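Every number here is computed from the coordinates shown, using simple stated rules; none is lab data. Predicted model only: the values in this text are computed from it and were never measured. FYI the Cβ positions are ideal-geometry reconstructions off the backbone, even for glycines, and counts take in every protein chain you see.
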Amino acid sequence: MRNIWLLNLSTFFFFLGISSVNPIISPFAMTLGATPFVVGILAGVTSVLSLISKPIGGLVGDRGYRLEAMIAGNLMALVSGVLYVGSALTGSVWLFAFTRALHGFSMGIFFPSSLSTAVDLAPIGRVGETLGWRGMMFSLGNIVGPALGGYVSDYLGFTAAFALTALFSAVGAVLVVPVLKDVGGGIVSKGSREEADYSELLRPGFIAASLSLLFFAASYSGITTFLPALYKELSYPQKVFGTYMMLVGAASFLTRVFGGRSADRMGPIPIIRAGMITVITGYVLLLYITLPPGSYLSALAVGAGFGLAVPAMQLMALGNLPQRIRAMGSSVYTMFFDLGTMAGQFGLGYVANDVGYNGILKFLPVLAGVALLIIHLPHLWRDRNG
């Protein structure tokens with residue numbers, strides 16, 4: 001368990017470094033004279049590079065270098081932090097754009113091995129629980145980071161806030177080193193291509209979990225992308241949506257381990273079902289109670305549902321994969337989250353031109369409902385075919 005928790009803490013500090021800069025990317029880009037279109041590009045380029053680099057991270061991890069990939073991802077993020085500082089000191093938008101791309105690339109290298117090692121090192125019968133604890137570290141990083149980055153940038157400036165990324169990433173890298181010394185090549189033998197048959201990713205459970213995640217992420221992008229725009233349109237201060245997301249993160253944090261443990265005992269599908277129904281309930285609440293403080297009820301439901309569903313979905317996708325292909329499996333699986341997020345942003349953004357920001361809220365429970373249906377398809381197929 002010591003090694004698991006060192007890797008969990010590395011995950012926490014890695015995503016703390018990322019989330020601490022997220023709330024200041026757009027304001028800083030504006031100080032560099034970026035137009036709204038360029039601001040959007042600078043904000044989104046990390047997702048694009050993360051999507052591109054995840055297969056590379058998966059291949060590296062499956063060749064036996066999972067812990068090295070986690071260290072490399074942290075070191076790339078550390079360099080990104082230094083370059084962020086450099087862009088703040090020089091006022092160079094081009095350096096800032098390159099830094100955003102490098103930071104996104106580091107995510108694709110780090111994430112697949114971070115997720116797969118949680119499954120690799122989990123005690124027998126406690127894979128879901130271990131994924132739940134890891135998810136708590138991810139959630140905690142995304143709760144603390146935005147507030148910390150915003151506070152530091154307000155009082156000490158952008159340069160100090162960007163320096164946090166370098167500091168947190170350095171800590172994340174150091175935490176993996178003792179595990180590497182202890183485990184060495186014991187997770188997956190280094191260099192060998194034996195048994196790395198990626199056709200085994202075509203298992204019904206993996207496919208269903210990945211496709212369900214795509215629609216699940218598309219629905220969630222409606223919250224993260226367009227709800228703040230709606231509140232801005234209605235002249236609410238930015239802290240209103242910040243509070244909403246803080247409640248989402250806190251509720252998710254509290255339910256992740258319970259969701260993982262329950263998935264270990266009952267199987268993933270019942271827990272995914274309960275989580276998705278809770279998320280859909282939150283979307284419906286938001287549809288009818290859109291404005292704060294009443295809308296905060298939906299934040300609690302959405303967060304709690306995500307905390308239940310996500311570890312169980314990860315268990316369904318990755319728990320039964322052969323160890324030799326688990327890093328690539330983690331890569332492909334999480335790519336569906338990126339694709340779903342981008343599809344939701346583009347698709348719902350197009351619809352919002354006609355129906356407005358408020359009008360897209362009715363599509364969120366529909367998208368989550370599709371995700372709920374897809375997750376049951378392997379089970380329904382087995383019942384139908386005996």
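Please state the relative contact order of the range 1-190 as a whole percent: Cα pairs under 8 Å, 6+ residues apart?
43 percent
Taking every pair of distinct Cα atoms and averaging 1/r, then inverting, what Kirkwood hydrodynamic radius in Å comes out for the range 199-385? Intermediate values should be presented prior to the final figure.
Values: mean 1/r = 0.0595 Å⁻¹.
Roughly 16.8 Å, rounded to one decimal.
Once all Cα-Cα distances of the range 147-302 are split into 5 Å bins that start at 0, what whole-number percent is in each one?
Result returned by the calculation: 2, 7, 10, 12, 13, 14, 15, 13, 8, 5, 2, 0.
Each residue of the range 207-212 in order: what ³J(HN,Hα) in whole Hz does its phi give by Karplus 6.51 cos²θ - 1.76 cosθ + 1.60, θ = phi - 60°, with x for Gly and Pro?
Couplings: 5, 5, 5, 5, 5, 5 Hz.
Among the trypsin sites (Lys or Arg not before Pro) within the range 190-270, which fall in a DSSP loop and have no more than 16 other Cβ atoms within 10 Å of their own Cβ?
190, 193
Ratio of alpha-carbon Rg to the 2.2 N^0.38 Å globular estimate for the chain, to two decimals, please.
0.95
Normalised by the residues of the chain, what does the relative contact order come to in percent, with Cα pairs under 8 Å and at least six apart?
It comes to 25 percent, rounded to a whole number.
Show me, for the range 98-112, the HN-Hα J-couplings you get by feeding each phi into the Karplus relation (A = 6.51, B = -1.76, C = 1.60, θ = phi - 60°), rounded to Hz, glycine and proline as x.
4, 5, 4, 5, 5, 5, x, 4, 4, 5, x, 6, 6, 5, x
Counting Lys and Arg as +1 and Asp and Glu as -1, each charge on the Cβ, what is the dipole of the chain about the Cα centre in debye, to the nearest 20?
420 debye
Out of the trypsin sites (Lys or Arg not before Pro) in the range 288-376, which ones are loop residues according to DSSP with at most 16 other C-beta atoms within 10 Å?
Within the range 288-376, no trypsin sites (Lys or Arg not before Pro) qualify (loop, at most 16 other Cβ atoms within 10 Å).
Each residue of the range 333-342 in order: what ³J(HN,Hα) in whole Hz does its phi give by Karplus 6.51 cos²θ - 1.76 cosθ + 1.60, θ = phi - 60°, with x for Gly and Pro?
The phi angles translate into 4, 6, 4, 5, 5, 4, 5, x, 4, 5 Hz.
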